[in-house]
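I have placed the structure first, in the form of structure tokens, so that the comments after it can refer back to it.
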Amino acid sequence: MADNRQQGKAKDTRSADQIRRDIAAARAKMSATVEGLTEQFHPAAVKNRVVEDAKEFVQKEYTSVREKLISQVKDEDGWRTDRLKLVGGASAGAVTGLVLLRAVVGKVTGSTARKKFEKAQVAAAKDAKKQAKKQRKADAKAAKTAKKQAKKLAKTIAK
């Protein structure tokens, strides 16, 4: 059986220098492959590819939607004013509806009154803080003056 293995393998006729060169070439090739894979699958590279793909997708979708919308209001004869009026009226109605809805919800939930009350509380707290700061300064000044007068009185009594 050992004879079969030896017969199946061809004898390597390369010199030691040729084998070293072949090994060095294989190492260089493997190193380049590993570096390429590292660059390809580095998190920053993956992120950049994903971002670029997303940008391209969004740009294509934007262009597609834009073209569809423009084709709805513009044809080969020019702008279709009837459609523009319809879009403008619908937009104005939607904005008006949202404003009214917000006002009604604010009244029902009391959020507008609550916001006003919170603003008033914040303003009162700021005013109280300012008054307290002024009072501390005045107290410190009065204490300093009293200390000076006490020193003068002590000097006068000591004489």
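Data table
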{"quantity": "Criterion (open to solvent by 80 Å² or more (accessible area, probe 1.4 Å), more than 27 Å from the chain's Cα centre (by Cα) and more than 30 Å from Leu84 (Cβ to Cβ)) met by exactly one of Asp22, Asp17, Asp53", "calculated": "Asp17"}
{"quantity": "Enumeration of residues in the stretch 58-69 that are open to solvent by less than 90 Å² (accessible area, probe 1.4 Å) and closer than 19 Å to Gly88 by Cα", "calculated": "Val65"}
{"quantity": "Unique match (being free of Cβ contacts under 8 Å to residues at least 40 places away in the same chain and under 30 Å from Thr112 (Cα atoms)) among Gly93, Gly36", "calculated": "Gly93"}
{"quantity": "Residue list for the stretch 70-84, filter: surrounded by 11 or more Cβ atoms within 10 Å (Cβ to Cβ) and assigned to a helix (DSSP H, G or I)", "calculated": "Ile70, Gln72, Val73, Arg83, Leu84"}
{"quantity": "Residue within the stretch 131-138 that is under 30 Å from Gly106 (Cα atoms), surrounded by 10 or more Cβ atoms within 10 Å (Cβ to Cβ), under 44 Å from the mean Cα position of the chain (by Cα) and modelled with pLDDT of 90 or more present", "calculated": "no"}
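The values are calculated or read from the model by the stated rules, or taken from the named source; none is laboratory data. Since this is a predicted model, take the numbers as computed values, not measurements. Virtual Cβ from ideal backbone geometry, glycine too; neighbours counted across all protein chains shown. Heads up: the accessible areas ignore ligands, DNA and RNA and are worked out on the full protein's heavy atoms, side chains in. Shrake-Rupley method; radii C 1.70, N 1.55, O 1.52, S 1.80 Å.
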